[in-house]
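Worksheet for the structure shown next.
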Amino acid sequence: MSVETAGLQQFSLGEQIVGRIDALAAISETPEHLARIFLTPEHRAAADLILSWMREAGMRAHLDAIGNVCGRYEGDRPGLPCLMLGSHYDTVRDAGKWDGPLGVITAIACVAELNRRGKRLPFAIEITGFADEEGVRFASTLLGSRAIAGTFDESVLAGRDRDGVSMREALQRFGLDPDHIGAAARVRRELLAYLELHIEQGPVLEDQDIPVGVVTAIAGATRLAAQLTGMAGHAGTVPMGLRHDALAGAAECISAIEYFCRTDGNGLVGTVGYVRAAPGATNVIPGQVSFTIDIRAPTDMHRNRSVADIVRQIEAIAKRRGLALQLDVTHENRTVPCAPWLKSQIANAIAAEGFAVFELPSGAGHDGMAMIDIADVGMIFVRCRGGVSHHPDEHVELADADAGARVLLRVIENFRAAN
Ligand code: GLV
Ligand code: MN
Ligand code: MN
């Protein structure tokens, strides 16, 4: 896979990418379980490493007002509008190492290759490593890309993490000014398009036996935070018929959500990924429970109707059990179509690399959901083993990472802005 140039061993794009994926994965809250969470020391260390890679690739690079890493490679003259490439470098908890970083690292590898050849294009290339796409620490998500798109909602600064630290405080401790997040915002005329390469996170490309695919659209999502409040009490003395057990109520809600989505038959998916019961002791009836709900569907209308049905069911369960219910929508994103003109440029590059052109939608969320407010969006998917993602077993073969990089490089070199 490596090539010899003038006696020098030159690594393939795939080899460079895999090496850097491993280097970034070493930056984690704990060595056993990969977790790189917004505004933590790991966020800082990863940002420093990515900034150094950007500079090595011939880019000017800085950390912006929300903690995104931003690099710029000028075109054939300074100040031209840019093709923006990017993905995120935060992770979920006990994450795989490819979700997000593959897009950032591959984009840097492509720019490094252009720089190595001394090649400048009739547009600038910018790469953004988004600081928070997953929304793990605070209830809100897409924080990095919303800041760039100028749609950052300042009310989320008051949100608190599980240790009670507000986003405002966390930004200040990180050395950022929460009152200047607006400085990260970009405007439409500065961007020719936003293009993201990402692992598929599903099994379709593997099933088709092809390494890369053209994304048609990013499915919308609704996330809610639920809190049920009942009455804590003695596990030995309160008869079953007189209890207001918040955790038993939450369990019924969770089963109802699962049943509703499982029997939908039209691609609806629902997940309760976080539950906290208080006070949390073996011999105490749980008095208060918080849990999250994530609902996605192939169309916005279907998702909106389903969310309304699920909310009605949860309200009925809470009422019947005598539990107080607080239900808040913490995140809502409509389905984002990828631009046809970008899809066809990606398809041309895939075909030129000798692969079959295959289109598929994204069930997972991506930064393009925010970037659509200031740019047309295109996405390239790279096959991942077994479709496994948000899991430490997430894996991309070196040859597929290489194929993705070659496709992205070809898209960049042949890129034509929309008229
Ligand atoms: C992001 O990975 C999401 O789809 O939740
Ligand atoms: Mn993810
Ligand atoms: Mn991702």
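The values are calculated or read from the model by the stated rules, or taken from the named source; none is laboratory data. What you see is a predicted model, and the numbers here were worked out from it, not measured in a lab. Note: ideal-geometry Cβ built from the backbone for every residue, glycine included; neighbour counts use all protein chains shown. The protein model used for the area step is the full one, side chains on, heavy atoms only, and it has no ligands, DNA or RNA in it. Shrake-Rupley method; radii C 1.70, N 1.55, O 1.52, S 1.80 Å.
Assorted remarks:
- The requirement of being within 16 Å of ligand 3 (Cβ to nearest atom), among the hydrophobic types (A, V, I, L, M, F, W, C) and either free of Cβ contacts under 8 Å to residues at least 12 places away in the same chain or surrounded by fewer than 22 Cβ atoms within 10 Å (Cβ to Cβ) (or both) is satisfied by V136.
- Elements of type helices (runs of 4 or more DSSP H) in region 321-419, at least 3 residues being within 16 Å of the chain's Cα centre (by Cα): 368-371
- Residues (within 16 Å of ligand 3 (Cβ to nearest atom) and open to solvent by less than 10 Å² (accessible area, probe 1.4 Å)) located in region 121-133: I127, T128, G129, F130, A131, D132
- Only one of the numbered conditions (1) closer than 25 Å to V165 by Cβ; (2) open to solvent by 30 Å² or more (accessible area, probe 1.4 Å); (3) among the hydrophobic types (A, V, I, L, M, F, W, C) is violated by A26, and that is (1).
- Considering the conditions (1) surrounded by fewer than 18 Cβ atoms within 10 Å (Cβ to Cβ); (2) assigned to a helix (DSSP H, G or I), E42 is excluded by exactly one of them, (1).
- Positions within region 108-120 being among the small types (G, A, S) and either without any contact (Cβ under 8 Å) to a residue 12 or more places away in the chain or open to solvent by 10 Å² or more (accessible area, probe 1.4 Å) (or both), in sequence order: A112, G118
- Residue among D209, D163, D153, D177 that alone is surrounded by fewer than 22 Cβ atoms within 10 Å (Cβ to Cβ), touching a Leu at 6+ places or on another chain (Cβ under 8 Å) and not aliphatic (A, V, I, L, M): D177
- Scanning region 72-97 for residues that are hydrophobic (A, V, I, L, M, F, W, C) and part of a loop (DSSP other than H, G, I, E, B), we see that the one that is nearest to P41 (Cα to Cα) is V92.
- Scan of region 108-157 for residues that are of a type in the set (D, E) and in contact with a strand residue (DSSP E or B) (Cβ under 8 Å, 6 or more places away or on another chain), ordered by number: E126, D132, E133, E134
- Taken over region 360-374, residues that are buried (at least 24 other Cβ atoms within 10 Å of the Cβ) and away from ligand 1 (no atom under 13 Å from the Cβ) amount to 1.
- Complete set of residues in region 358-391 that are aromatic (F, W, Y) and within 13 Å of ligand 3 (Cβ to nearest atom): F381
- Unique match (being surrounded by fewer than 22 Cβ atoms within 10 Å (Cβ to Cβ) and at pLDDT 95 or above) among L80, L143: L80
- Strands (runs of 3 or more DSSP E) completely within region 181-237 that count 1 or more residues being within 16 Å of ligand 2 (Cβ to nearest atom) and farther than 26 Å from I293 by Cβ: 191-199
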